[in-house]
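These notes concern the structure reproduced below.
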Amino acid sequence: LQTDLGPYSGSYIQPDVFHGKGSMTWMRGKFAGDGYDGEWDQDAINGKGTYRYGAAQAVYTGEFKDGKRHGKGRYEYKAGDLYAGAYVHGEMQGKGAYTWADGSRYTGEFLSDQRGGRGK
């Protein structure tokens, strides 16, 4: 299915309302170069899936709610850093582990994308 923003393949309720499992590659707009493969609910990214950030050259695999990282997930950064843990409304929040490309690691609490609370 060709949309105004790029090609979509998968389930939908109507041609402009994605629902169920599907894949989208954005060719135009502010998300140009990004791609998503996973679950959709009423045209929003919801459930489990993998989002590829084209400009950032990063990949997130995990849970989404209303188009944002929400729940458990794993974000792999271009430079080789990796975060695995909890997300709330798109931010690292709660328990998680951040591993830098050099192998150093922080495991503990995160608050609004920052280390916070207990951890080492």
- Furthest towards positive pole of dipole, Thr61, Gly116, Tyr87, structure part the chain, Cβ charges: Gly116
- Message: Within a 10 angstrom radius of the beta carbon, how do Asp41, Asp34 rank from fewest other beta carbons to most?
- Response: Asp41, Asp34
- Along the Cα-to-C-beta direction of Ala32, a point sits 7 Å from the Cα; which residues of the stretch 40-61 have their amide N less than 17 Å from that point? 53-57
- How large is the dipole of the chain about the Cα centre if only Lys and Arg carry +1 and Asp and Glu carry -1, each at its Cβ, rounded to the nearest 20 debye? 500 debye
- In whole Å and largest first, what semi-axes does the C-alpha gyration tensor of the chain yield when each eigenvalue is scaled by 5 and square-rooted? 30, 15, 10
- Message: Below 20 Å, Cα to Cα, which aspartates and glutamates can Lys48 reach? Residues fewer than 8 away in the same chain don't count.
- Response: Asp34, Asp37, Glu39, Glu63, Asp66, Glu76, Glu91
- Note on the structure: Footprinting proxy, Met27, Met92: sorted fewest to most Cβ within 10 Å, the residues are Met27, Met92
- Taking placed amide H atoms and a strict 5 Å upper bound, the residues 5 or more places from Arg69 or on another chain that come that close are Gly90
- Taking +1 at the Cβ of each Lys and Arg and -1 at the Cβ of each Asp and Glu, which of Ala101, Leu1, Gly20 sits farthest along the dipole of the chain towards its positive end, judged by Cα position relative to the Cα centre? Ala101
- Going by a ≥ b ≥ c, the root eigenvalues of the Cα gyration tensor, does the stretch 42-105 fall in the rounded group (a/c under 1.5), the prolate group (a/b larger than b/c) or the oblate group? oblate
- Query: To the nearest 0.05, how large is the calculated FRET efficiency for Ala101 and Leu1 if R₀ is 35 Å and r is the Cβ-Cβ distance?
  - Reply: 0.35
- Message: So, R0 is 30 Å and r is the distance between the beta-carbons of Asp16 and Ser112; what FRET efficiency does that work out to, to 0.05?
- Response: 0.30
- Item | Linear extension gain, Asp43 paired with Ser9, 0.36 nm per residue minus alpha-carbon span | 10.9 nm
- Item | ³J(HN,Hα), Karplus 6.51/-1.76/1.60, whole Hz, each residue of the stretch 35-50, x for Gly, Pro | x, 9, 9, x, 8, 10, 9, 6, 6, 10, 6, 9, x, 9, x, 10
- Net +/- balance of residues flanking Gly96 in space, Cβ distance below 10 Å, scoring K and R +1, D and E -1: +3
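We did not get these values from a lab; they are worked out from the coordinates using the rules stated. All of these numbers come straight from a predicted model, not from anything done at the bench. In this analysis, Cβ positions are derived from the backbone assuming ideal geometry, glycine residues included, and neighbour counts consider all displayed protein chains.
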